Amino acid sequence: MDLILATSAGVEECILDYDFDIAIGQENTFQIDLSYGTWDERLKMGKRIYIPDTEYGGIIKRISSATNTEAITIQGFCWRGYLAHRFIIPPTGSDYYTASGDLNAVIRALVKIPGFQVTEENCGVDVSGYQFERYIDVATGLERLCESVGYRLDIRYIQTETAGYVLVQAVKAGNYGSEIEYSQDSLIDFSSTDDQMGVNHLICLGVGELKNRTVVHLYADANGRISQSISIAGIDEIVQVFDNSGAERETLIETGTARLKELLSKKSFTPSIKDIDKELFIGDVVSGKDFITGNSVTKPITDKIVKRMTGWITIDYKIEGET
């Protein structure tokens with residue numbers, strides 16, 4: 001995995017022999033740590049760093065140093081981070097942005113960033129009237145769209161002889177729920193949590209005063225599905241109040257649903273792998289099991305943290321529902 005430095009126009013300059021930390025999913029940032037003694041004057045603001053044919057890379061946007069430690073830190077957004085900082089805005093006069101057509105055609109309509117290209121090939125999967133959440137960021141919106149039809153959003157940097165570019169496309173998500181199970185037998189380090197202390201009944205308070213206040217009750221079932229019908233009662237009912245005083249009923253339901261998703265009970269399984277024979281991607285589905293506690297989970301991957309330290313590459317994966 002060679003880390004390449006290129007000009008702001010994408011012309012390759014050299015290979016960088018530095019440790020790095022790349023977080024894809026929630027943070028979507030990269031960091032390179034070096035010292036005064038290893039500083040390369042070619043490291044300039046606005047230049048690109050990347051590992052070819054992977055999602056690992058971005059544009060240098062912050063350079064900081066400390067004289068007491070002689071340490072220099074270089075940071076920037078990953079490629080997915082640029083999609084995460086664009087938003088899907090409903091057209092004038094419409095409540096939502098809706099999309100129909102081939103999955104890659106929908107992506108082409110929403111990814112309009114210099115240096116990014118969406119494949120011209122159709123993936124062969126059509127969506128009809130898909131409704132994006134209001135003002136959702138492009139990365140999350142497209143990830144959820146792809147997930148709804150068993151695909152994932154594939155992002156990778158393509159290196160050419162003249163200038164590289166970021167290729168975006170929908171590809172079939174890997175479903176390794178029955179094929180790959182991370183456990184003690186995998187000879188890897190991992191942590192697991194089965195947290196059933198989450199909220200399953202959210203009382204949402206909207207616009208109005210006292211008896212005239214808009215109130216909506218939202219309930220989650222054992223599978224995390226949210227509705228306005230009670231599912232979990234008795235001692236297992238866990239209630240919380242969500243105050244959104246300016247919201248009308250429709251908006252209150254939307255914001256309350258998003259809030260309840262954050263508060264749900266969740267399972268987590270985080271494997272840390274040094275030697276992998278199959279790289280996994282955001283959107284792929286995997287299983288994890290702790291034989292000691294019995295904790296098990298099958299969920300899609302939402303985050304990857306890739307690090308190189310003293311020549312060793314490690315990849316940590318996080319799955320859906322983890323904080």
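Things to note:
- Projected label points at residue 245 and residue 11, each 7 Å from Cα along the beta carbon direction, are separated by 5.9 nanometres.
- Between the residues 77, 89, 314, the greatest Cα displacement towards the positive end of the dipole of the chain, with unit charges on the Cβ of Lys, Arg, Asp and Glu, is found for 89.
- Summing charges over all other residues whose Cβ lies under 11 Å from the Cβ of residue 5, with Lys and Arg as +1 and Asp and Glu as -1, gives -1.
- Per-pair calculated FRET efficiency, R0 = 35 Å: residue 39 and residue 315 via Cβ, rounded to 0.05: 0.80
- Net charge over other residues, Cβ less than 10 angstrom from the Cβ of residue 57 (K, R count +1; D, E count -1): +1
- Over the chain, the fraction of Cα-Cα pairs per 20 Å bin, rounded to whole percents and listed from the shortest bin up, is 26, 53, 20, 1.
- In terms of the mean number of neighbouring beta-carbon atoms within 10 Å, the peptides 63-70, 118-125 order highest first as 118-125, 63-70.
- Footprinting exposure proxy ranking of 14, 146, 204, fewest other C-beta atoms within 10 angstrom first, gives 14, 204, 146.
- When the chain is treated as a Gaussian network with alpha carbon springs shorter than 10 Å, the biggest mean-square fluctuation among 111, 171, 215 belongs to 215.
- Antiparallel content of DSSP bridges confined to the chain, in %, to 5: 85
- Taking other C-beta atoms within 10 Å as the exposure proxy, 132, 116, 77 rank 116, 77, 132 from fewest upward.
- Over the chain, relative contact order from alpha-carbon pairs under 8 Å, at least 6 apart, %: 16
- Computed from the Cβ-Cβ distance with R0 of 56 Å, the FRET efficiency linking residue 31 to residue 212 stands at 0.65.
- Mean projection area, nm², convex hull over Cα of segment 63-174: 10.3
- Max-minus-min Cα coordinates of segment 1-149 on each principal axis give 57, 30, 23 Å, with the largest extent listed first.
- The GNM of the chain, with springs linking C-alpha atoms under 10 angstrom apart, assigns the highest mean-square fluctuation among 57, 76, 198 to 198.
- For the chain, the longest site-free run once trypsin sites (Lys or Arg not before Pro) in DSSP loop states with at most 16 other Cβ atoms within 10 Å are removed: 135-212
- Phi-based couplings in Hz for segment 139-151 (Karplus 6.51, -1.76, 1.60; Gly and Pro marked x): 4, 5, x, 6, 4, 5, 4, 4, 4, 5, 10, x, 10
Quick note: the coordinates plus some simple rules give every number you see, no bench work behind them. Everything numeric in this text was worked out from a predicted model, so none of it was measured. As a convention, Cβ positions derive from the backbone with ideal geometry for all residues, glycine included, and neighbour counts pool all protein chains shown.
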